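Right, one structure below, let's go through it.
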Amino acid sequence: MSLPSRFSVFVEGSNSPGTAGSGICFTHTITFMLLEATDRYAQYRSWTGRSCQSGRTRCRRTIFHRSAIGRTRRTHDDARNGLGAGLLASLILRIMLVVNSVASSVTARNTVIVHRRLALRHQVDVVETNRRGHATRFAHDAARRGYDLVIGFGGDGTLNEVTTGIAGTDTALGVLPGGSTNVFARTLGLPNDPLAAVDHLIAGMEADDVRPIGLGEVNGRSFCFHTGIGFDAAVVAAVERRASLKRWLGHPLFIGAAVTTWWRHYDRGHPHFSVSAPGHTTTDDGYFSIVLNTNPYTYVGNRPLDLTPDAALDRQFVVITFRTLQLGHLLRHLAAAIRGDDITPDEHLIVWNDVDKVSISHHTPFPYQVDGDYLGDVDRLELTHVPDAVRLLVPRPPADSPA
């Protein structure tokens, strides 16, 4: 048994969905097949009835170009007349949907619905991750094979891996929230519900709204919104040791891990690293640093933790370093961030704006995390801001959404 060609599903270790090691269950396979007839009919109606009228009306549907996605548009008439030779001449985008099925908000049902909506007008191939680094391999292979768009459907860690796989290529990045926090997705203005968010992505595709954005790079790995060093990385490590509880406990698990890590598991008596950057005095007594590519730093429930308005995708890093973990100092700045007042530098808190390179080191290893994904302990980190590193599909509210 195989899926229709338009619903190809690439899975490592198997060429057939529903087999051992494929990562796609038999229920997914049957559901995709049952939806195919409905999708093809709806696609036919949308192309022939609503958008491309018969007679002398000229159809003006936008075409994305793999080699210049987000920058070049052509019409049906251009394609028929052979204009823009060498560019992608297709109405149908080639999309890879990278799914992390164990992410907190990803279910078999919403995966099928997301796939169905995307495949209404485009060719969508679905792949499912089953270990760390898998999404990067899928995304890199998609870029090598000339896909127009790769959409990461999972948590911030999945998105980070997808971004790493396509950074520096012409393949665009799409974001669907599927985790417990979804920092980057919500920073882009997406709703936290993936079924609502997919309509925002489709609206972005219809508007041809793809823009280059800057990324951070740390020890060869890209990051979208921040890298955390020291205390917060130790908190993330504690959460990942209880990863099976994230789907059910969510933010309370992070809060509990932060309290227990501060109280019992992180040395608050001695500095953990030094921080240096061109044009700034080296800080030798760092306990906790955040290298921000965007703001907010994270979310607590529906509340963003806004640290600084100077962190944005079209600017270089903001580097924030805490020189103490005294409880009163931490709580004062936490309260300001929750209120949306941003944080204010003081003798125990250093803020550097518009930094393009950062070095962090110590003679003993320290923990670090990238976009909420704990990567281990190291004795040195080199962080670099890379402008225009990836093409981002910018989500938009659907036309029928309430004002």
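Among the residues of segment 147-158, what is the count of those that are in contact with a helix residue (DSSP H, G or I) (Cβ under 6 Å, 6 or more places away or on another chain) and either within 17 Å of G204 (Cβ to Cβ) or among the acidic types (D, E) (or both)?
Looking only at segment 147-158, we keep the residues that are in contact with a helix residue (DSSP H, G or I) (Cβ under 6 Å, 6 or more places away or on another chain), and these are 150, 152, 156, 158.
From what's left, either within 17 Å of G204 (Cβ to Cβ) or among the acidic types (D, E) (or both): 150, 152, 156.
Going through segment 147-158 one residue at a time, the tally reaches 3.
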### Task
Could you grab me the full set of residues in segment 356-383 that are over 10 Å from A233 (Cβ atoms) and among the hydroxyl-bearing types (S, T, Y)?
S359, S361, T364
### Where G220 falls short, out of the listed (1) under 22 Å from N110 (Cα atoms); (2) without any contact (Cβ under 8 Å) to a residue 12 or more places away in the chain
(1)
### Query
Considering segment 237-272 alone, what residues qualify as being under 24 Å from A103 (Cα atoms) and modelled with pLDDT of 90 or more?
A237
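Yes/no matrix, rows are residues, columns are (1) touching a residue at least 24 places away in the same chain (Cβ under 8 Å); (2) among the small types (G, A, S); (3) touching a helix residue (DSSP H, G or I) at 6+ places or on another chain (Cβ under 7 Å):
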{"site": "Y266", "(1), (2), (3)": "yes, no, yes"}
{"site": "G269", "(1), (2), (3)": "no, yes, no"}
{"site": "S274", "(1), (2), (3)": "yes, yes, no"}
{"site": "Y287", "(1), (2), (3)": "yes, no, yes"}
{"site": "T308", "(1), (2), (3)": "yes, no, no"}
{"site": "G328", "(1), (2), (3)": "no, yes, no"}
#### Entry: Among (1) within 22 Å of Q326 (Cα to Cα); (2) of a type in the set (A, V, I, L, M, F, W, C); (3) at pLDDT below 95, the one test that V291 misses
(3)
### Message
Tell me which strands (runs of 3 or more DSSP E) are completely within segment 288-403 and hold 2 or more residues being more than 21 Å from P252 (Cα to Cα), or say none if there are none.
### Response
288-292, 317-322, 349-355, 357-370, 373-393
## Note on the structure
Flagged in segment 178-229 as in contact with a Cys (Cβ under 9 Å, 6 or more places away or on another chain) and under 14 Å from G154 (Cβ atoms), in numbering order, are V183, F184
### Message
I want to confirm something. Restricting to segment 213-226 and keeping residues that are surrounded by fewer than 24 Cβ atoms within 10 Å (Cβ to Cβ) and over 17 Å from P296 (Cβ atoms), which single residue is modelled with the lowest pLDDT?
### Response
G220
### Query
Which pairs do you get when a residue that is in contact (Cβ under 8 Å) with a residue 12 or more places away in the chain and more than 15 Å from M205 (Cα to Cα), found in segment 167-186, comes within reach of a residue that is part of a strand (DSSP E or B) and aromatic (F, W, Y), reach meaning Cβ atoms under 8 angstrom, with the pair 6+ apart or on two chains?
G178/F153; T181/Y299; N182/Y299; V183/Y299; R186/Y299
### Query
Among all residue pairs at least 6 apart or on different chains, which show Cβ distances below 7 Å where the first residue, located in segment 227-248, is under 11 Å from Y374 (Cβ atoms) and surrounded by fewer than 20 Cβ atoms within 10 Å (Cβ to Cβ) and the second is modelled with pLDDT under 95 and among the basic types (K, R)?
none
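Output the residues belonging to segment 345-386 that are among the β-branched types (V, I, T) and out of contact with any helix residue (DSSP H, G or I) (no Cβ under 7 Å at 6 or more places or on another chain).
If we filter segment 345-386 for residues that are among the β-branched types (V, I, T), which is where we start, we get 350-351, 355, 358, 360, 364, 370, 378, 384, 386.
Once the filter is applied, which keeps residues that are among the β-branched types (V, I, T) and out of contact with any helix residue (DSSP H, G or I) (no Cβ under 7 Å at 6 or more places or on another chain), segment 345-386 yields I350, V351, V355, V358, I360, T364, V378, T384, V386.
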### Query
If you take the residues of segment 113-155 that are among the acidic types (D, E) and either modelled with pLDDT under 95 or in contact with a His (Cβ under 9 Å, 6 or more places away or on another chain) (or both), which of them is nearest to L97 (Cα to Cα)?
E128
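The values are calculated or read from the model by the stated rules, or taken from the named source; none is laboratory data. Source: prediction; values computed, not measured. Note: ideal-geometry Cβ built from the backbone for every residue, glycine included; neighbour counts use all protein chains shown.
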